[in-house]
Amino acid sequence: MSTATLTPDAISYVCTTVRERSAIELDVSKSYLIEARLAPVARSNGFDSINDLVQSLRRQRQIKLEAQLVEAMTTNETSFFRDVHPFESLQKTLFSEFKTRNAATRSLNIWSAACSTGQEIYSIAMHLREHFADLASWKVQLVGTDLSDDVLARASAAKFSQIEVNRGLPAALLVKHFQRSGLQWELKPEVRSMARFMKLNLIERWPPLPVMDIVFLRNVLIYFSPETKRAILEKVRRVMAPNAVLFLGAAETTMGLDAGFERVQVGNSVFYRLK
Amino acid sequence: MHALIIDDSRAIRRILRRIVEPLGFSVLEAEHGQDGLKKLHEHIETVELILVDWNMPVMDGLQFVKALRADPAIRRIPIVMVTTETEPAQMARALMAGVDEFVMKPFTVEILTEKLALIGVRTPTVHASGQP
């Protein structure tokens, strides 16, 4: 899929449509968000680019496609500790399990695929600092990937608006791990430096990745066709260590798509373990 | 089940009331910390949540929290500070004094309900995760 820059016409169309259908105001400065949210919608509907999708909508009213566009743009943005359950299972079972399992190498690799502006991988970093004993003597690699250069730049900068840190982030962690930077909140270097970011488009050729123990691929597969979901899950499996675990979004599953995973429920949390 | 809302701004009290009433709380309102302590003592058995501003006349939010947490006769009721205060050092002071969570103004319904879920406030209409 082309990653051509959004045309002013496409941005204008998306902003107007979203405003008329949802009363949510987007502006041109949110073009990174439009790119990140609508690229999967364009792709799953067979368009080469978001610009092509918008041109198609301008030519002919397509109610279903328009609804997908609005939904993608208005779904909650990523937030810190989004859906607390995966973080509960990390704390209650998985951190201690991997601590034992990887004791020989003292290494732990975690991947946030489609990491957007970084809240998920930084939540994991803070969670490790709070709940993974002897962290300093382990080699921990936290990798965030996304297809958008703009969101990756924002993720690397690790600066968040007040609204973003107001959402889902416990105040105790805010005052411990962030500092004010003008009107924004900046992650302290010791947390920011735990994560690195790379460009990766799930449906294209992947750059080399470390062998992963834990993969977060949440709220991504929903945008793809069953064939593409299968292809992505197979590629994900190939970068996972034996017994590694995969977290998907609450509305997603590997069942019926990939027999290489086993569904595991711990409390309210569900994850998929490599068989 | 009561939520005690303490804020000198009638407009903010009204906004908070509109958020927490649909969650199943009956609302008590107070204009400052001293008024809040009085209302709390009047309904000590039924208050399950306190939303308190920081900067108020007579008794500010931090003084209210300190007075409340210093009284061993009062059980630990969850306190959320809803404030324009955004200095990390100040926020840390309030957490040390016994505030459970912060909501920085401006805020949305989602932000407040997520914060309530974070501190385990049970509401009839909010999922445990606070996320849709």
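Every number in this text was worked out from the coordinates using simple rules, so none of it is lab data. Predicted, not measured: the structure shown is a model, and the values here were computed from it. FYI the Cβ positions are ideal-geometry reconstructions off the backbone, even for glycines, and counts take in every protein chain you see.
One table, with the values for the structure above:
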quantity	calculated
Qualifying GluC sites (Glu not before Pro) for region B:1-100 [loop in DSSP, other Cβ within 10 Å: at most 14]	B:45
Label-point separation, residue A:9 to residue A:181 (7 Å along Cα→Cβ), nm	3.8
Most mobile listed residue (A:134, A:213, A:52) in chain A, GNM with C-alpha springs under 10 Å	A:134
Helical contribution to [θ] at 222 nm, DSSP H n ≥ 4, -39,500 (n - 2.57), averaged over chain A, rounded to 500	-12000 deg cm²/dmol
Extent along principal axes [Cα atoms of region B:1-82; Å; largest to smallest]	32, 27, 18
Computed E for residue A:188/residue B:70 - FRET, C-beta separation, R0 35 angstrom, nearest 0.05	0.60
Inter-centroid distance (Cα atoms) of region A:44-103 relative to region A:143-217, Å	15
Residues with amide H under 5 Å from that of residue B:47, placed H, sequence gap 5 or more	B:2
Label point distance in nm, residue A:163-residue B:84, each placed 7 Å from Cα along Cα→Cβ	1.9
Cross-link pairs A:159/B:115; A:139/A:176; A:99/A:199; A:176/B:39; B:66/B:115 - those with Cα-Cα distance over 25 Å	A:99/A:199; A:176/B:39
10 Å Cβ shell holding at most 15 others, DSSP loop, GluC sites (Glu not before Pro): longest site-free stretch of chain A	A:78-203
Label-to-label distance, nm, for residues given as residue A:238 and residue A:251 (7 Å Cα→Cβ offset)	2.9
Positive-end residue of A:38, A:232, A:243, charge dipole of chain A with Cβ unit charges	A:243
Sequence-distant residues sharing a close amide H with residue A:141 (under 5 Å, placed H)	A:108, A:109, A:110
GNM flexibility winner over chain A from A:192, A:237, A:263 (Cα, springs under 10 Å)	A:263
Exposed trypsin sites (Lys or Arg not before Pro) absent: longest stretch of chain B, with sites in DSSP loops and at most 15 other Cβ within 10 Å deemed exposed	B:1-74
Computed magnitude of the charge dipole of the protein assembly as shown (debye, nearest 20; Cβ of K, R +1, Cβ of D, E -1)	920
Furthest towards positive pole of dipole, B:88, B:118, B:47, structure part the protein assembly as shown, Cβ charges	B:118
For region A:171-275, share of DSSP beta bridges that run antiparallel, in % to the nearest 5	70
A:206, B:54 arranged by Cβ crowding within 10 Å, fewest neighbours leading	A:206, B:54
Relative contact order (%) - chain B, alpha-carbon pairs under 8 angstrom, separation at least six	21
Tail fraction, Cα-Cα pairs, chain A, threshold 32 Å, whole percent	25
Cleavage-rule hits (trypsin sites (Lys or Arg not before Pro)) in region A:62-106: DSSP loop, at most 15 neighbouring Cβ within 10 angstrom	A:106
All-pairs alpha carbon distance profile, region A:156-275, 10 Å steps from 0, percent	11, 33, 29, 23, 3
Residue-count net charge about residue B:83 - beta-carbon cut-off 13 Å; Lys, Arg +1, Asp, Glu -1	-4
Chain A: relative contact order as a whole-number percent, Cα under 8 Å and 6+ apart	16
